[in-house]
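Trainee: Sending over a structure as structure tokens; questions will come in a sec.
The values are calculated or read from the model by the stated rules, or taken from the named source; none is laboratory data. Note that the structure is predicted; figures quoted are calculated from it, not measured. Backbone-built Cβ (ideal geometry, glycine too); neighbour counts: all protein chains shown. The accessibility values were calculated without ligands, DNA or RNA, using every heavy atom of the protein model including side chains. Shrake-Rupley method; radii C 1.70, N 1.55, O 1.52, S 1.80 Å.
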Amino acid sequence: MSKFVTLEEAMSLIPDNCALISGGFGSLGSPEELYTGLKERFEREGHPQNISFVCGITPGDKTESTEPYKGYNIGANKIAIPGLLGRVWAGNMTDARAIAYMIDRNEIPGYMPPMGVMCNLIRCAAGGRPGLITKVGLDTFADPRRDGCAFNQKARDGLKVVELMNIDGEEYLFYKTPPADVAFIRATYADEDGNLSMEHEAYIGTELEVAVAAHNNGGIVIAQVEQVVPRGTLRTRNIRIHNKLVDYIVVAKDPMNSRQCYATLKYRPELSGEQTFLGNATKILPMTLRKVIARRAAMELQPDIIINLGSGMPSGVGSVAAEEGINQGLTCSVESGPMGGQVQEGLSFPGVANCECMFTQTDTIDMYDGGVLDMAFLGGAEIDEKGNVNVSKFGGRSIGAGGYIDISQNAKKVFFMGTFTVGKPDIEITGSGLKINTDGGVKFVKEVQQVTFSADFARKHGQEIKYITERAVFQLCDTGLELIEIAPGVDLEKDILGKMAFTPAVSPNLKLMDARLFNSAVMGLKNDKK
């Protein structure tokens, strides 16, 4: 069989009960045509059946649907079909919510180690190693003393994917390497020999590790490309995967399946690093509660540091820093690999415009685990009286942690950002404070549903932790949370303590949040804190 095959020919090679290991990261790098082909073959033939799906972060577009198995048409969502999908190992399900739905209904076992762990486990599969030894995940849902990465009963009754170890008196977790039989990867170009380059991708993902994992385990590697180019026309430095590691190549017929990211049809060279656009690619935030929170977080910035900004609420810190003119010398890193530049929002995340350099996803995670981050700004769905944070499973939905644990357990300082309550409260920004007309539900709970961030781990390792909302700022202390700031215009008893399921410590030096946070004018922040 030729290396260059039709989609139907490639899909016919995938056997029942195999482990499908895939590249892709949210809206980036999805081998979209291959997912389509796999879905269509199953719908025609009822095969392959019972595949195990392995991925760092599932490709997808965060589609919401109230009807099971329908309305999900992007990325790994396409293969969320009963009978086709039998088991999942992945670091995050935010973007592939059809698969999360199957896990929530206990239809298939779902295992969700931290994203960085998954990246390194794929590398372990490539290197023939039995697993990964790391402290990442201790005292979180990944720890076997809690959930052991199992997100439903079928997973708890099934495989044991992580074990607790003790080495020289120190606790570690040992994550077991998942299988790898068939690899799905995406590239920009293939030359006539089958070498692959990735010029148009907005990150350097786990595609090499994915390909080598399947190749070295006697499996097959299937690549999707935009175009085939003549032999010898690819620059050697641009070739990411050698032809000996690729078995079959499918040229995408539908241009929609080769989009750089789901947010736009247009190729953006400033995301891939092919070009740098002059000027600021960051949008100024409108004056909302999100901007108040991002401003307060930006007040923590220091010069000449490396930070990580999470998606959603935390990404606003970069916008505020740019608006205030304090982003010079401030280097932002994203777990997908880019460093420097402007982190994108929405479906363009984790892309970065005008990045200064682009590491691989796996190398970036290794740097995080080693402590390269000075600060991290992350979200939080639930926070409890101990200071634990949950973003991985709540409201009956299995999300997973993504890179959250790798980042939050290893950054020197961590700032959790979010609104003080849940839902849609009616809160006015008065220009000098807040006026709460109607409030939302409780976010600060007695005990989180699942531990994604462990306060005990942070205390043990001397991390500085703060929790920033629009009306209150807390810090982590020995006994739990301590309230250190409140917004002008709010009532301590009614609007803060009365909206918490526990009573935090209140600092004897409790002060008002800076009134400039609530005014639409530029604050005049200075990045000169030491």
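Trainee: Determine the share of the chain's accessible area contributed by carbon and sulfur atoms, expressed in whole percent, with a 1.4 angstrom probe.
Mentor: Carbon plus sulfur share of accessible area: 49 percent.
Trainee: Please compute the modelled spin-label separation between ARG397 and THR438, points set 7 Å along Cα→Cβ, answer in nm with one decimal.
Mentor: In this crude label model, THR438 to ARG397 measures out at 2.2 nm.
Trainee: OK, next. Accessible area per residue for the chain in Å², computed with a 1.4 Å probe and the full protein assembly in place, what is it? Display every interim value, and only then the final one.
Mentor: On the way: 20220 Å² over 530 residues.
Solvent-accessible surface per residue comes out at 38 Å².
Trainee: Going by Cα centres, segment 206-226 and segment 249-269 are how many Å apart?
Mentor: Using only Cα atoms, the two centres lie 20 Å from each other.
Trainee: Could you report the accessible area of HIS215 in Å², rounded to 10, computed with a 1.4 Å probe on the protein chains as they sit in the structure?
Mentor: Its heavy atoms expose roughly 70 Å² to the probe.
Trainee: Evaluate the distance, in nm, between pseudo-label points positioned 7 Å from the Cα of ASP478 and of ASP16 along their respective Cα→Cβ axes.
Mentor: With each label point 7 Å from Cα toward Cβ, the separation is 6.2 nm.
Trainee: Could you work out the relative contact order of segment 54-169? I mean the mean sequence separation of Cα pairs under 8 Å and 6+ apart, divided by the number of residues, in percent.
Mentor: 22 percent
Trainee: Rounded to the nearest 10 degrees, what's the angle between the helix 32-45 long axis and the longest principal axis of the chain, both from Cα atoms, 0 to 90?
Mentor: 60 degrees
Trainee: Calculate for the chain the 222 nm mean residue ellipticity that helices alone would give, adding -39,500 (n - 2.57) per DSSP H run of length 4 or more and normalising by residue count, nearest 500 deg cm²/dmol.
Mentor: On the way: 12 runs with 98 residues, N = 530.
Mean residue ellipticity at 222 nm (helix-derived): -5000 deg cm²/dmol.
Trainee: What order do LYS253, LYS266 take when sorted by accessible area (1.4 Å probe), most exposed first?
Mentor: So the residues, ranked largest to smallest area, are LYS253, LYS266.
Trainee: Follow-up. Give the shape of segment 153-287 as rounded, prolate or oblate, defined through the alpha-carbon gyration tensor: a ≥ b ≥ c are the square roots of its eigenvalues, a/c under 1.5 means rounded, and otherwise the shape is prolate if a/b is larger than b/c and oblate if not.
Mentor: Judged from the Cα gyration tensor, segment 153-287 comes out oblate (a/c at least 1.5, b/c at or above a/b).
Trainee: Moving on to the next point. Per the Kirkwood formula on distinct C-alpha pairs, the Rh of the chain is how many angstrom? Could you put the intermediate results ahead of the total?
Mentor: Numbers: mean 1/r = 0.0421 Å⁻¹.
By the Kirkwood definition, the hydrodynamic radius is 23.7 Å.
Trainee: When DSSP assigns beta bridges and you keep just the ones with both residues in the chain, what percent turn out antiparallel, to the nearest 5?
Mentor: Among the beta bridges of the chain, antiparallel pairing accounts for roughly 45 percent.
Trainee: log10 I(q)/I(0), Debye, Cα-only segment 71-149, no solvent, q = 0.12, 0.16, 0.19, 0.27 Å⁻¹?
Mentor: Values, matching the q order: -0.39, -0.68, -0.90, -1.23.
Trainee: Let a ≥ b ≥ c be the square roots of the eigenvalues of the Cα gyration tensor of segment 468-530; is it rounded (a/c under 1.5), or, if not, prolate (a/b larger than b/c) or oblate? Could you put the intermediate results ahead of the total?
Mentor: On the way: a/c = 2.74, a/b = 1.47, b/c = 1.86.
Oblate, since a/c reaches 1.5 and b/c is not below a/b.
Trainee: Between segment 501-530 and segment 410-472, how many Å separate their Cα centres?
Mentor: The two parts, judged by their Cα centres, are 14 Å apart.
Trainee: I've got another one for you. Along the Cα→Cβ direction, 7 angstrom out, place labels at ASP491 and THR288. What is the inter-label distance in nm?
Mentor: For ASP491 paired with THR288, the spin-label model returns 2.8 nm.
Trainee: Using only Cα atoms, locate the centre of segment 181-195 and the centre of segment 78-121, then give the distance between them in Å, rounded to an integer.
Mentor: If we compute the Cα centre of each part, the gap is 24 Å.
Trainee: Hey, another quick one. Let me know the shape class of segment 311-432, please: from the alpha-carbon gyration tensor, a ≥ b ≥ c as square roots of the eigenvalues, rounded when a/c is under 1.5, otherwise prolate if a/b is greater than b/c, or oblate.
Mentor: In terms of gyration-tensor shape, oblate.
Trainee: Another question, if that's okay. Calculated FRET efficiency, PHE502 and GLU356, Cβ-Cβ r, R0 51 Å, to nearest 0.05?
Mentor: 0.75
Trainee: What's the local net charge at TYR262, with K and R +1, D and E -1, over the other residues with C-beta under 11 Å away?
Mentor: Spelling it out: positives minus negatives among the neighbours equals -1.
Trainee: Filter the trypsin sites (Lys or Arg not before Pro) in segment 441-518 down to the DSSP loop ones having no more than 15 other Cβ atoms within 10 Å, then list what survives.
Mentor: LYS446
Trainee: Another question, then. Tell me the relative contact order for the chain as a rounded percent, counting alpha carbon contacts under 8 Å between residues six or more apart.
Mentor: 13 percent
Trainee: From the residues CYS18, ALA180, GLY110, which one has its Cα farthest along the dipole of the chain in the positive direction, the dipole being from +1 and -1 charges on Cβ of Lys/Arg and Asp/Glu about the Cα centre?
Mentor: Result: GLY110, furthest along the dipole toward the positive end.
Trainee: Sticking with this structure for a sec: For THR264 and HIS461, calculate 0.36 nm times their separation in residues minus their Cα-Cα distance, and state this gained length in nm to one decimal.
Mentor: In short, 66.7 nm is gained.
Trainee: Can you give the accessible area of MET256 in Å² (nearest 10), computed on protein heavy atoms with a 1.4 Å probe?
Mentor: 80 Å²
Trainee: May I pose another question? If I stretch the segment between GLN328 and LYS160 completely, what's the gain in nm (0.36 nm per residue apart, minus their alpha carbon distance), one decimal?
Mentor: 55.8 nm
Trainee: Exceeding 22 Å between C-alpha atoms, which entries from my cross-link table qualify? They are LYS176/LYS386; LYS39/LYS176; LYS435/LYS511; LYS62/LYS413; LYS291/LYS412; LYS62/LYS160.
Mentor: With Cα atoms farther than 22 Å apart: LYS176/LYS386; LYS39/LYS176; LYS62/LYS413; LYS291/LYS412; LYS62/LYS160.
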